[in-house]
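Take a look at the structure set out below.
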Amino acid sequence: MPGPRVLAIVLAGGEGKRLMPLTADRAKPAVPFGGTYRLIDFALSNVINSGYLKVVVLTQYKSHSLDRHVTMTWRMSTMLGNYVTPVPAQQRLGKQWYLGSADAIYQSLNLIHDERPDIVVVVGADHVYRMDFSQMVAAHQDVGAPCTVAAIRQPVSLADQFGVIEVDPADPRRIDAFREKPADPQGLPDAPDHVLASMGNYVFDADALVEAVTRDAEDEASQHDMGGDIVPWFVSRNQAAVYDFRDNDVPGSTDRDRDYWRDVGTIDSFFEAHMDLISVHPVFNLYNTEWRIFSQQPPLPPAKFVHGWHGRIGHAVNSIVGPGSVVSGGLVESSVLGTNVMVRSWSSVSDCVLFDNVEVGRHAVLRRCIIDKNVRVPEGARVGMDPEEDRARGFTVTDSGITVVGKGQTVPAPERTPSRTT
(Lines give C-alpha, C1' and ligand atoms only; values in the text may rest on other atoms or scores of the structure.)
Protein backbone atom coordinates (compact mmCIF):
# COMPACT_ATOMS: atom_id res chain seq x y z
CA MET A 1 0.00 0.00 0.00
CA PRO A 2 1.34 3.48 -0.83
CA GLY A 3 2.02 5.77 2.10
CA PRO A 4 0.12 8.98 2.78
CA ARG A 5 0.75 12.10 0.72
CA VAL A 6 2.80 14.37 3.00
CA LEU A 7 3.52 18.08 2.74
CA ALA A 8 6.12 19.55 5.09
CA ILE A 9 5.81 23.15 6.27
CA VAL A 10 8.84 24.74 7.90
CA LEU A 11 8.02 27.80 10.01
CA ALA A 12 10.97 30.14 9.41
CA GLY A 13 9.59 33.60 10.11
CA GLY A 14 11.08 33.97 13.57
CA GLU A 15 12.58 37.33 14.46
CA GLY A 16 14.88 35.94 17.14
CA LYS A 17 15.06 38.99 19.40
CA ARG A 18 16.84 37.04 22.15
CA LEU A 19 19.67 36.22 19.71
CA MET A 20 20.48 39.85 19.01
CA PRO A 21 22.85 41.08 17.64
CA LEU A 22 23.19 37.89 15.56
CA THR A 23 19.67 38.52 14.21
CA ALA A 24 20.10 42.23 13.60
CA ASP A 25 20.64 41.62 9.89
CA ARG A 26 19.11 38.18 9.32
CA ALA A 27 16.20 35.96 10.30
CA LYS A 28 16.87 33.57 13.18
CA PRO A 29 16.78 30.42 10.98
CA ALA A 30 19.50 31.96 8.79
CA VAL A 31 21.98 32.35 11.67
CA PRO A 32 25.17 30.35 10.93
CA PHE A 33 25.81 27.32 13.11
CA GLY A 34 28.51 24.69 13.46
CA GLY A 35 31.01 26.20 11.05
CA THR A 36 29.34 25.42 7.72
CA TYR A 37 25.59 25.26 8.42
CA ARG A 38 22.67 27.56 9.09
CA LEU A 39 20.05 26.76 11.70
CA ILE A 40 17.39 25.95 9.12
CA ASP A 41 19.59 23.19 7.66
CA PHE A 42 18.81 20.95 10.64
CA ALA A 43 15.04 21.10 10.16
CA LEU A 44 15.30 20.69 6.39
CA SER A 45 17.78 17.82 6.66
CA ASN A 46 15.48 15.99 9.06
CA VAL A 47 12.50 16.42 6.75
CA ILE A 48 14.40 15.34 3.64
CA ASN A 49 16.09 12.38 5.37
CA SER A 50 12.62 11.30 6.51
CA GLY A 51 11.63 10.93 2.85
CA TYR A 52 9.40 13.99 2.60
CA LEU A 53 10.45 15.82 -0.55
CA LYS A 54 7.72 18.44 -0.91
CA VAL A 55 8.66 21.23 1.46
CA VAL A 56 7.61 24.87 1.81
CA VAL A 57 9.50 27.31 4.02
CA LEU A 58 7.37 30.17 5.34
CA THR A 59 9.55 33.28 5.80
CA GLN A 60 8.93 36.83 6.90
CA TYR A 61 11.48 38.70 9.04
CA LYS A 62 14.62 39.97 7.24
CA SER A 63 14.49 36.94 5.01
CA HIS A 64 16.86 37.83 2.17
CA SER A 65 19.83 35.73 3.29
CA LEU A 66 17.48 32.91 4.35
CA ASP A 67 15.65 32.92 1.00
CA ARG A 68 18.96 32.99 -0.85
CA HIS A 69 20.38 30.10 1.20
CA VAL A 70 17.30 27.91 0.69
CA THR A 71 17.13 28.70 -3.03
CA MET A 72 20.83 28.09 -3.70
CA THR A 73 21.25 25.08 -1.41
CA TRP A 74 18.07 23.04 -1.35
CA ARG A 75 17.52 21.98 -4.95
CA MET A 76 15.37 18.90 -5.47
CA SER A 77 14.48 16.87 -8.56
CA THR A 78 11.82 18.85 -10.39
CA MET A 79 11.39 15.90 -12.77
CA LEU A 80 9.92 13.93 -9.86
CA GLY A 81 7.84 16.87 -8.63
CA ASN A 82 9.94 17.43 -5.52
CA TYR A 83 10.83 20.85 -4.15
CA VAL A 84 12.01 22.94 -1.24
CA THR A 85 10.79 26.46 -1.78
CA PRO A 86 10.76 29.61 0.37
CA VAL A 87 7.39 31.34 0.52
CA PRO A 88 7.45 34.91 1.88
CA ALA A 89 4.47 36.56 3.54
CA GLN A 90 2.20 37.53 0.65
CA GLN A 91 -0.78 39.32 2.25
CA ARG A 92 -3.14 37.07 0.31
CA LEU A 93 -5.97 37.54 2.80
CA GLY A 94 -5.59 41.18 3.75
CA LYS A 95 -3.11 43.97 4.31
CA GLN A 96 -1.32 42.39 7.23
CA TRP A 97 1.80 40.32 7.83
CA TYR A 98 1.79 37.06 9.73
CA LEU A 99 0.33 37.53 13.20
CA GLY A 100 1.78 34.27 14.51
CA SER A 101 2.75 30.78 13.41
CA ALA A 102 -0.87 29.64 13.01
CA ASP A 103 -1.70 32.73 10.99
CA ALA A 104 1.31 32.02 8.76
CA ILE A 105 -0.25 28.67 7.84
CA TYR A 106 -3.72 30.21 7.49
CA GLN A 107 -2.43 32.85 5.09
CA SER A 108 -0.67 30.08 3.13
CA LEU A 109 -3.56 27.63 2.83
CA ASN A 110 -3.27 27.88 -0.94
CA LEU A 111 -0.14 25.71 -0.61
CA ILE A 112 -2.14 22.95 1.06
CA HIS A 113 -5.02 23.29 -1.39
CA ASP A 114 -2.61 23.05 -4.35
CA GLU A 115 -0.71 20.01 -3.03
CA ARG A 116 -3.74 18.19 -1.53
CA PRO A 117 -1.78 16.17 1.05
CA ASP A 118 -3.24 13.66 3.49
CA ILE A 119 -0.77 14.67 6.21
CA VAL A 120 0.95 17.95 6.99
CA VAL A 121 4.18 17.91 8.99
CA VAL A 122 4.84 21.30 10.62
CA VAL A 123 8.29 21.97 12.08
CA GLY A 124 10.19 24.92 13.48
CA ALA A 125 13.34 26.14 11.76
CA ASP A 126 15.60 27.08 14.63
CA HIS A 127 16.33 23.98 16.71
CA VAL A 128 19.38 21.71 16.61
CA TYR A 129 18.53 17.98 16.58
CA ARG A 130 18.05 14.86 14.45
CA MET A 131 14.62 13.32 14.01
CA ASP A 132 12.98 10.84 11.65
CA PHE A 133 9.56 12.33 11.02
CA SER A 134 8.35 9.24 9.17
CA GLN A 135 8.34 7.41 12.52
CA MET A 136 6.25 10.21 14.03
CA VAL A 137 3.82 10.08 11.10
CA ALA A 138 3.45 6.31 11.57
CA ALA A 139 2.70 6.83 15.28
CA HIS A 140 0.22 9.59 14.37
CA GLN A 141 -1.68 7.24 12.09
CA ASP A 142 -1.58 4.43 14.66
CA VAL A 143 -3.18 6.58 17.40
CA GLY A 144 -5.76 8.03 15.03
CA ALA A 145 -5.89 11.54 16.51
CA PRO A 146 -5.89 14.39 13.96
CA CYS A 147 -3.08 16.23 15.81
CA THR A 148 0.19 14.86 17.19
CA VAL A 149 2.77 16.91 19.11
CA ALA A 150 6.41 15.86 19.37
CA ALA A 151 7.72 16.10 22.93
CA ILE A 152 11.02 15.61 24.70
CA ARG A 153 11.47 14.53 28.31
CA GLN A 154 12.80 17.23 30.61
CA PRO A 155 13.34 17.38 34.39
CA VAL A 156 10.37 18.66 36.39
CA SER A 157 12.60 21.49 37.63
CA LEU A 158 12.76 22.91 34.07
CA ALA A 159 9.02 22.72 33.39
CA ASP A 160 8.59 26.48 33.80
CA GLN A 161 10.69 26.98 30.64
CA PHE A 162 8.50 24.96 28.26
CA GLY A 163 5.03 24.20 27.06
CA VAL A 164 4.31 21.06 29.09
CA ILE A 165 2.17 18.14 27.95
CA GLU A 166 0.20 16.16 30.53
CA VAL A 167 -0.84 12.74 29.27
CA ASP A 168 -4.05 10.79 29.77
CA PRO A 169 -3.26 8.16 32.47
CA ALA A 170 -5.53 5.68 30.68
CA ASP A 171 -3.72 6.18 27.36
CA PRO A 172 -0.29 7.88 27.66
CA ARG A 173 -0.26 8.48 23.90
CA ARG A 174 -3.05 11.04 24.20
CA ILE A 175 -2.79 14.56 25.62
CA ASP A 176 -4.94 15.33 28.64
CA ALA A 177 -3.73 18.94 29.09
CA PHE A 178 -1.29 21.36 27.49
CA ARG A 179 0.10 23.96 29.90
CA GLU A 180 2.45 26.81 29.12
CA LYS A 181 5.38 27.08 31.58
CA PRO A 182 3.48 25.64 34.59
CA ALA A 183 4.63 26.37 38.13
CA ASP A 184 3.08 23.12 39.41
CA PRO A 185 3.87 20.50 36.76
CA GLN A 186 2.74 16.90 37.01
CA GLY A 187 5.37 14.23 36.40
CA LEU A 188 4.92 11.40 33.93
CA PRO A 189 3.23 8.16 35.06
CA ASP A 190 6.40 6.20 34.27
CA ALA A 191 8.83 8.96 35.35
CA PRO A 192 7.46 11.25 38.09
CA ASP A 193 10.61 13.42 38.01
CA HIS A 194 10.19 14.26 34.30
CA VAL A 195 7.68 16.07 32.11
CA LEU A 196 7.06 16.07 28.38
CA ALA A 197 8.02 19.42 26.81
CA SER A 198 6.76 20.42 23.39
CA MET A 199 9.48 20.49 20.70
CA GLY A 200 7.52 22.74 18.35
CA ASN A 201 7.07 19.92 15.79
CA TYR A 202 3.62 18.69 14.79
CA VAL A 203 1.82 16.22 12.53
CA PHE A 204 -1.75 16.94 11.40
CA ASP A 205 -4.37 15.40 9.26
CA ALA A 206 -4.53 18.00 6.50
CA ASP A 207 -8.28 18.67 6.65
CA ALA A 208 -8.15 19.02 10.46
CA LEU A 209 -5.31 21.55 10.24
CA VAL A 210 -7.18 23.61 7.66
CA GLU A 211 -10.27 23.68 9.89
CA ALA A 212 -8.25 24.58 12.99
CA VAL A 213 -6.32 27.53 11.51
CA THR A 214 -9.46 28.82 9.77
CA ARG A 215 -11.40 28.84 13.05
CA ASP A 216 -8.42 30.42 14.80
CA ALA A 217 -8.27 33.24 12.24
CA GLU A 218 -11.86 34.17 13.14
CA ASP A 219 -11.05 34.39 16.87
CA GLU A 220 -10.04 37.97 17.69
CA ALA A 221 -8.84 36.91 21.16
CA SER A 222 -6.35 34.38 19.76
CA GLN A 223 -2.60 34.93 19.62
CA HIS A 224 -2.63 32.82 16.43
CA ASP A 225 0.15 30.57 17.71
CA MET A 226 0.51 26.87 16.93
CA GLY A 227 1.57 25.89 20.43
CA GLY A 228 -0.50 28.44 22.32
CA ASP A 229 -3.77 28.23 20.39
CA ILE A 230 -4.00 25.43 17.83
CA VAL A 231 -2.75 22.56 20.01
CA PRO A 232 -4.97 23.55 22.99
CA TRP A 233 -7.96 23.62 20.60
CA PHE A 234 -7.31 20.02 19.62
CA VAL A 235 -6.70 19.08 23.27
CA SER A 236 -10.06 20.60 24.28
CA ARG A 237 -11.73 18.28 21.76
CA ASN A 238 -9.77 15.23 22.97
CA GLN A 239 -8.14 15.05 19.54
CA ALA A 240 -4.45 15.50 20.36
CA ALA A 241 -1.76 12.84 20.72
CA VAL A 242 1.84 13.08 21.92
CA TYR A 243 4.90 11.53 20.33
CA ASP A 244 7.74 10.85 22.77
CA PHE A 245 11.04 11.85 21.13
CA ARG A 246 12.67 9.04 23.12
CA ASP A 247 10.98 6.58 20.76
CA ASN A 248 12.61 8.10 17.67
CA ASP A 249 15.46 5.92 16.44
CA VAL A 250 17.63 7.84 13.95
CA PRO A 251 20.14 5.74 11.98
CA GLY A 252 23.72 6.26 13.11
CA SER A 253 22.80 7.83 16.45
CA THR A 254 24.85 6.94 19.51
CA ASP A 255 23.65 6.56 23.07
CA ARG A 256 25.31 9.92 23.78
CA ASP A 257 23.47 11.99 21.18
CA ARG A 258 20.31 9.95 20.49
CA ASP A 259 17.87 12.26 22.30
CA TYR A 260 19.70 15.53 21.61
CA TRP A 261 17.49 18.57 21.03
CA ARG A 262 18.39 22.18 21.73
CA ASP A 263 16.37 25.35 21.43
CA VAL A 264 19.13 27.83 20.59
CA GLY A 265 16.95 30.86 21.16
CA THR A 266 19.37 32.76 23.42
CA ILE A 267 23.03 33.69 23.11
CA ASP A 268 23.91 31.40 26.01
CA SER A 269 22.08 28.37 24.57
CA PHE A 270 23.52 29.09 21.10
CA PHE A 271 27.03 29.16 22.55
CA GLU A 272 26.49 26.03 24.65
CA ALA A 273 25.15 24.11 21.64
CA HIS A 274 28.40 24.89 19.81
CA MET A 275 30.40 23.58 22.74
CA ASP A 276 28.38 20.35 22.49
CA LEU A 277 29.91 19.74 19.05
CA ILE A 278 33.60 19.70 19.86
CA SER A 279 34.38 17.11 22.52
CA VAL A 280 36.11 13.83 21.59
CA HIS A 281 32.75 12.08 21.84
CA PRO A 282 30.42 14.97 20.96
CA VAL A 283 27.13 15.47 22.74
CA PHE A 284 25.75 16.17 19.25
CA ASN A 285 27.62 14.34 16.52
CA LEU A 286 27.90 16.16 13.18
CA TYR A 287 29.83 13.18 11.79
CA ASN A 288 26.88 10.78 11.54
CA THR A 289 27.08 9.73 7.88
CA GLU A 290 23.84 7.73 8.07
CA TRP A 291 21.72 10.84 8.74
CA ARG A 292 23.63 13.73 7.21
CA ILE A 293 23.02 17.39 7.90
CA PHE A 294 23.03 18.96 4.46
CA SER A 295 24.08 22.50 3.61
CA GLN A 296 25.74 24.53 0.91
CA GLN A 297 29.43 23.66 0.69
CA PRO A 298 31.34 26.47 -1.04
CA PRO A 299 34.24 25.61 -3.38
CA LEU A 300 36.97 26.31 -0.84
CA PRO A 301 40.28 24.56 -0.13
CA PRO A 302 40.72 22.50 3.05
CA ALA A 303 41.68 24.24 6.28
CA LYS A 304 45.41 24.84 6.67
CA PHE A 305 47.70 25.06 9.72
CA VAL A 306 51.09 26.68 9.17
CA HIS A 307 54.25 27.68 11.07
CA GLY A 308 55.85 25.45 13.66
CA TRP A 309 58.93 26.95 15.25
CA HIS A 310 59.99 29.04 18.28
CA GLY A 311 56.54 28.96 19.85
CA ARG A 312 54.95 30.17 16.63
CA ILE A 313 52.88 27.04 16.03
CA GLY A 314 49.62 27.05 14.10
CA HIS A 315 47.38 24.42 15.67
CA ALA A 316 43.86 23.71 16.87
CA VAL A 317 42.67 21.28 19.55
CA ASN A 318 39.13 20.21 20.46
CA SER A 319 37.87 22.46 17.67
CA ILE A 320 36.00 22.52 14.38
CA VAL A 321 37.71 24.51 11.61
CA GLY A 322 35.79 25.26 8.42
CA PRO A 323 37.14 25.00 4.87
CA GLY A 324 39.22 27.88 3.57
CA SER A 325 40.39 28.79 7.06
CA VAL A 326 44.06 29.26 7.91
CA VAL A 327 45.55 29.01 11.39
CA SER A 328 48.88 30.72 10.81
CA GLY A 329 51.05 30.46 13.90
CA GLY A 330 48.14 30.94 16.30
CA LEU A 331 46.39 28.71 18.84
CA VAL A 332 42.74 27.65 18.58
CA GLU A 333 41.25 25.76 21.54
CA SER A 334 37.71 24.48 22.14
CA SER A 335 36.29 26.66 19.38
CA VAL A 336 34.22 26.51 16.20
CA LEU A 337 35.53 28.40 13.17
CA GLY A 338 33.50 29.03 10.03
CA THR A 339 34.82 29.31 6.50
CA ASN A 340 37.66 31.61 5.38
CA VAL A 341 38.72 32.47 8.94
CA MET A 342 42.29 33.73 9.37
CA VAL A 343 44.04 33.32 12.73
CA ARG A 344 47.43 35.02 12.59
CA SER A 345 50.66 34.39 14.51
CA TRP A 346 50.88 34.48 18.31
CA SER A 347 47.11 34.98 18.60
CA SER A 348 44.94 32.88 20.93
CA VAL A 349 41.32 31.85 20.35
CA SER A 350 39.72 29.86 23.18
CA ASP A 351 36.08 28.82 23.76
CA CYS A 352 34.90 30.92 20.83
CA VAL A 353 32.56 30.78 17.85
CA LEU A 354 33.86 32.64 14.79
CA PHE A 355 31.62 33.07 11.75
CA ASP A 356 32.82 33.24 8.14
CA ASN A 357 35.57 35.63 7.00
CA VAL A 358 36.69 36.68 10.48
CA GLU A 359 40.31 37.81 10.68
CA VAL A 360 42.20 37.57 13.97
CA GLY A 361 45.34 39.70 13.99
CA ARG A 362 48.72 38.88 15.52
CA HIS A 363 48.88 38.73 19.32
CA ALA A 364 45.10 39.11 19.61
CA VAL A 365 43.36 37.22 22.42
CA LEU A 366 39.76 36.00 22.20
CA ARG A 367 38.00 34.25 25.09
CA ARG A 368 34.37 33.04 25.35
CA CYS A 369 33.09 35.18 22.50
CA ILE A 370 31.01 34.96 19.34
CA ILE A 371 32.29 36.98 16.38
CA ASP A 372 29.92 37.53 13.46
CA LYS A 373 30.85 37.54 9.77
CA ASN A 374 33.53 39.75 8.23
CA VAL A 375 34.76 41.20 11.53
CA ARG A 376 38.45 42.08 11.72
CA VAL A 377 40.10 41.76 15.13
CA PRO A 378 43.18 44.01 14.92
CA GLU A 379 46.67 43.15 16.12
CA GLY A 380 46.96 42.96 19.90
CA ALA A 381 43.23 43.40 20.52
CA ARG A 382 41.47 41.54 23.33
CA VAL A 383 37.84 40.43 23.29
CA GLY A 384 36.10 38.53 26.06
CA MET A 385 38.73 39.32 28.68
CA ASP A 386 36.99 42.25 30.42
CA PRO A 387 33.15 42.36 30.31
CA GLU A 388 32.97 46.03 31.27
CA GLU A 389 35.47 47.02 28.61
CA ASP A 390 33.53 45.00 26.03
CA ARG A 391 30.27 46.69 26.97
CA ALA A 392 31.93 50.09 26.77
CA ARG A 393 32.99 49.27 23.21
CA GLY A 394 29.36 48.55 22.26
CA PHE A 395 29.55 44.75 22.31
CA THR A 396 26.82 42.55 23.77
CA VAL A 397 27.84 40.67 26.94
CA THR A 398 25.52 38.09 28.50
CA ASP A 399 25.13 37.57 32.25
CA SER A 400 27.27 34.43 31.94
CA GLY A 401 30.09 36.46 30.38
CA ILE A 402 29.82 35.62 26.68
CA THR A 403 30.78 38.57 24.47
CA VAL A 404 29.18 38.99 21.04
CA VAL A 405 30.65 41.19 18.31
CA GLY A 406 27.91 41.72 15.76
CA LYS A 407 28.05 41.92 12.00
CA GLY A 408 29.49 45.26 10.93
CA GLN A 409 30.85 46.15 14.37
CA THR A 410 34.43 47.36 14.69
CA VAL A 411 36.92 46.02 17.18
CA PRO A 412 39.17 49.00 18.02
CA ALA A 413 42.92 48.56 17.88
CA PRO A 414 44.75 48.83 21.22
CA GLU A 415 46.84 51.91 21.86
CA ARG A 416 49.99 49.77 21.91
CA THR A 417 50.55 46.50 20.03
CA PRO A 418 53.05 43.82 21.08
CA SER A 419 56.24 43.28 19.15
CA ARG A 420 55.82 41.16 16.04
CA THR A 421 58.67 38.91 17.14
CA THR A 422 57.71 38.26 20.75
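Beta carbons closer than 7 Å, at least 6 apart along the sequence or on distinct chains, pair a first residue in segment 2-15 that is under 15 Å from Val31 (Cβ atoms) with a second that is assigned to a loop (DSSP other than H, G, I, E, B) and not aliphatic (A, V, I, L, M) for Gly13/Gln60; Gly13/Tyr61; Gly13/Tyr98; Gly14/Tyr61; Gly14/Asp126; Glu15/Thr23; Glu15/Tyr61. Taking Ala208 as the residue in question, decide whether it is under 28 Å from Asn110 (Cβ atoms) and free of Cβ contacts under 8 Å to residues at least 12 places away in the same chain. No; evaluated as a whole, the condition is false for this residue. One residue stands out in segment 228-239 among those that are in contact (Cβ under 8 Å) with a residue 24 or more places away in the chain and in a loop (DSSP other than H, G, I, E, B): the one that is most open to solvent (accessible area, probe 1.4 Å), namely Asn238. No other residue among Asp193, Asp225, Asp176 is open to solvent by 80 Å² or more (accessible area, probe 1.4 Å) and touching a helix residue (DSSP H, G or I) at 6+ places or on another chain (Cβ under 6 Å) apart from Asp193.
Return a yes/no flag: does segment 326-334 have any residue that is within 29 Å of Pro302 (Cβ to Cβ), open to solvent by 40 Å² or more (accessible area, probe 1.4 Å) and touching a residue at least 24 places away in the same chain (Cβ under 8 Å). No; the residues of segment 326-334 include none that is within 29 Å of Pro302 (Cβ to Cβ), open to solvent by 40 Å² or more (accessible area, probe 1.4 Å) and touching a residue at least 24 places away in the same chain (Cβ under 8 Å). Just one residue in the set Val332, Val327, Val349 is assigned to a strand (DSSP E or B) and over 23 Å from Asp268 (Cα atoms); that residue is Val327.
Assess whether Glu166 counts as being under 21 Å from Val120 (Cα atoms) and of a type in the set (D, E, K, R). In short, no.
Looking across segment 387-405, just one residue is among the hydrophobic types (A, V, I, L, M, F, W, C), in a strand (DSSP E or B) and either modelled with pLDDT under 95 or open to solvent by 10 Å² or more (accessible area, probe 1.4 Å) (or both), and that is Val397. Only residues in segment 87-116 that are over 17 Å from Glu15 (Cα atoms) count as the first member; pair them with residues that are charged (D, E, K, R), Cβ under 6 angstrom, at least 6 apart or cross-chain, and list the lot. What qualifies is Gln107/Arg92. Name every residue in segment 273-282 that is part of a loop (DSSP other than H, G, I, E, B) and open to solvent by less than 10 Å² (accessible area, probe 1.4 Å), in order of residue number. Passing the criteria: only Leu277. Per the conditions (1) within 22 Å of the chain's Cα centre (by Cα); (2) surrounded by fewer than 15 Cβ atoms within 10 Å (Cβ to Cβ), the sole criterion not satisfied by Val203 is (2). Is there a residue in segment 300-318 that is within 24 Å of Arg130 (Cα to Cα), in contact with a Leu (Cβ under 7 Å, 6 or more places away or on another chain) and either at pLDDT below 95 or part of a strand (DSSP E or B) (or both)? No: segment 300-318 contains no residue that is within 24 Å of Arg130 (Cα to Cα), in contact with a Leu (Cβ under 7 Å, 6 or more places away or on another chain) and either at pLDDT below 95 or part of a strand (DSSP E or B) (or both).
Listed conditions (1) without any contact (Cβ under 8 Å) to a residue 40 or more places away in the chain; (2) over 16 Å from Arg5 (Cα atoms) are all met by Leu53, apart from (2). The residue that is nearest to Val143 (Cα to Cα), among those in segment 240-272 that are open to solvent by 50 Å² or more (accessible area, probe 1.4 Å) and not acidic (Asp, Glu), is Arg246. All of Val360, Val383, Val341 fail the test of being touching a Leu at 6+ places or on another chain (Cβ under 7 Å), modelled with pLDDT of 95 or more and more than 16 Å from Phe305 (Cβ to Cβ), apart from Val383. Being at pLDDT 95 or above, within 16 Å of Asp372 (Cα to Cα) and hydroxyl-bearing (Ser, Thr, Tyr): is that true of Tyr52 here? The answer is no for Tyr52. Taken over segment 159-172, residues that are buried (at least 17 other Cβ atoms within 10 Å of the Cβ) and under 19 Å from Ser236 (Cβ atoms) amount to 5. Taking first residues from segment 299-311 that are surrounded by 11 or more Cβ atoms within 10 Å (Cβ to Cβ) and partners that are assigned to a strand (DSSP E or B) and at pLDDT 90 or above, the Cβ contacts under 7 Å between residues at least 6 apart in sequence or on separate chains come to Ala303/Val321; Lys304/Val326; Phe305/His315; Phe305/Ala316; Phe305/Val327; Val306/Val326; Val306/Ser328; His307/Ser328. Of all residues being free of Cβ contacts under 8 Å to residues at least 24 places away in the same chain and closer than 23 Å to Tyr287 by Cβ in segment 335-349, which is surrounded by the fewest Cβ atoms within 10 Å (Cβ to Cβ)? Just the residue, please. This residue is Val341. Against the test of being at pLDDT below 95 and either touching a strand residue (DSSP E or B) at 6+ places or on another chain (Cβ under 8 Å) or open to solvent by less than 10 Å² (accessible area, probe 1.4 Å) (or both), the options Val120, Val156, Val137, Val128 yield a single qualifying residue, Val156. Going through Val164, Val213 one at a time, which residue ends up being touching an Asp or Glu at 6+ places or on another chain (Cβ under 9 Å), without any contact (Cβ under 8 Å) to a residue 60 or more places away in the chain and hydrophobic (A, V, I, L, M, F, W, C)? The unique qualifying residue is Val164. Residues in segment 298-323 that are within 25 Å of Ala273 (Cβ to Cβ) and touching a strand residue (DSSP E or B) at 6+ places or on another chain (Cβ under 9 Å): 9 in all.
The values are calculated or read from the model by the stated rules, or taken from the named source; none is laboratory data. Since we're looking at a predicted model, the values are computed, not measured. As a convention, Cβ positions derive from the backbone with ideal geometry for all residues, glycine included, and neighbour counts pool all protein chains shown. Note: areas computed on protein heavy atoms with side chains; ligands, DNA, RNA excluded. Shrake-Rupley method; radii C 1.70, N 1.55, O 1.52, S 1.80 Å.
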